[in-house]
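The values are calculated or read from the model by the stated rules, or taken from the named source; none is laboratory data. In this text the structure is predicted, and so the values were computed from the model without any measurement. Cβ placement follows ideal geometry from the backbone for every residue including glycine, while neighbour counts extend to all protein chains displayed.
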Amino acid sequence: MELKFRNLTLSLDKPGVMGILNVTPDSFSDGGKYDSVGRAIEHAAQMISEGADVIDVGGESTRPGSDPVSEKEELERVIPVLEKVVPRFPDTLFSIDTTKYVVALEALKCGVHIINDVSGLEKEPRLAELCAEFDAGYILMHSQGDPKTMQENPEYGNVLDEISLFFREKLMILNSVGVEPIIVDPGIGFGKTLKHNLQIVNGLEKFSSLGCPILAGASRKSMIGQILNGRPAEGRLAGTISVHLHSLINGASLLRVHDVQEAYDSIQVFLALKKEREL
């Protein structure tokens, strides 16, 4: 499968890696590490050298319990970075992790290729037309509630069925205005209990009928900490790799990660095992 994003393509004949570049002071795992332009560019360069296919830049934390930031503040965080980093790495895809129209617009003007919308058009439906206007890709993510309150008491009748229905409804909107390519992300940890998250990973194949690549993003998330008796974010790497490998087995095509080298290496091992099994 080959995805075309503006002037670049992404082959998903083998699983890809999306590296996380948080230019925020309060993200749950790496907040404050890359909140200067210089450090952000250095980290992007490192992730690209380690095998990242996409760099996902975000200026607003969406960790559970986080407070929203203003449009002005988010712009001040991400645009100076994008203005420098996108032209510096012309062969790398960049996405903007935002729910705000103006932030997405200014990021696209900087040359960003993809809008990664954790609200799945719920907060800003105009992002669909914006993607179409700029010939940009869109990551359609499912979440229940806002980051501030989403983990207080998430409930579903059947989590896989409800996410699938959400995707189908939003895909109709995106397709109607000509957005492509579209990647779906079931939103591990976004308004889901541990049980919901485990059901999503085990049931990812259900979303393959949508005809879109599936993104899995469990990197260092609280579900892993819960399984590992409260392990903090910096101690969740092995758990992350385990969840992502199960996601690959069940149909994921793209992994969104903090630890690019480790994800890239795990994919190579996964592919070698898969190839041997298919001989």
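The rows are residues; the columns are (1) among the hydroxyl-bearing types (Ser, Thr, Tyr); (2) over 30 Å from residue 268 (Cβ atoms); (3) out of contact with any strand residue (DSSP E or B) (no Cβ under 9 Å at 6 or more places or on another chain); (4) surrounded by fewer than 24 Cβ atoms within 10 Å (Cβ to Cβ).
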position: 90; (1), (2), (3), (4): no, no, no, yes
position: 98; (1), (2), (3), (4): yes, yes, no, no
position: 111; (1), (2), (3), (4): no, no, no, yes
position: 116; (1), (2), (3), (4): no, no, no, no
position: 122; (1), (2), (3), (4): no, yes, yes, yes
position: 135; (1), (2), (3), (4): no, yes, no, yes
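Scanning region 255-272 for residues that are in contact with a helix residue (DSSP H, G or I) (Cβ under 8 Å, 6 or more places away or on another chain) and either among the small types (Gly, Ala, Ser) or without any contact (Cβ under 8 Å) to a residue 24 or more places away in the chain (or both) gives 263, 266. Reported count of residues in region 256-267, each being part of a helix (DSSP H, G or I) and touching a Gly at 6+ places or on another chain (Cβ under 9 Å), is 6. You will find that of 266, 253, 176, the residue that is at pLDDT 95 or above and farther than 25 Å from residue 115 by Cβ is 266 and no other.
Considering the conditions (1) aliphatic (A, V, I, L, M); (2) more than 21 Å from residue 1 (Cβ to Cβ); (3) surrounded by 14 or more Cβ atoms within 10 Å (Cβ to Cβ), residue 204 is excluded by exactly one of them, (2). Exactly one residue out of 166, 190 is farther than 24 Å from residue 2 by Cα and under 15 Å from the mean Cα position of the chain (by Cα): that is 190. Annotation note: Cβ proximity below 8 Å between a residue of region 39-61 that is over 16 Å from residue 5 (Cβ atoms) and at pLDDT 95 or above and a residue that is assigned to a helix (DSSP H, G or I) and of a type in the set (Ser, Thr, Tyr) (sequence gap 6+ or interchain) occurs for 50/264; 51/264.
Within the option set 242, 209, 253, 247, being surrounded by fewer than 18 Cβ atoms within 10 Å (Cβ to Cβ) and closer than 24 Å to residue 137 by Cβ holds for one residue only, 209.
For region 93-130, a residue qualifies if it is over 16 Å from the mean Cα position of the chain (by Cα), closer than 15 Å to residue 8 by Cβ and not small (Gly, Ala, Ser), and the qualifying residues are 108, 110. Only one of the numbered conditions (1) at pLDDT 95 or above; (2) part of a helix (DSSP H, G or I) is violated by residue 234, and that is (1). Per the conditions (1) crowded, with 21+ Cβ neighbours inside 10 Å; (2) out of contact with any Cys (no Cβ under 8 Å at 6 or more places or on another chain), the sole criterion not satisfied by residue 235 is (1). Among the residues of region 163-197, those identified as surrounded by fewer than 18 Cβ atoms within 10 Å (Cβ to Cβ), of a type outside the set (Lys, Arg) and closer than 23 Å to residue 63 by Cβ are 193, 194.
Number of residues in region 100-112 that are of a type in the set (Val, Ile, Thr) and closer than 15 Å to residue 129 by Cβ equals 1.
Residues that are buried (at least 24 other Cβ atoms within 10 Å of the Cβ) and in a loop (DSSP other than H, G, I, E, B): does region 44-59 have at least one? Among the residues of region 44-59, at least one is buried (at least 24 other Cβ atoms within 10 Å of the Cβ) and in a loop (DSSP other than H, G, I, E, B), which makes the answer yes.
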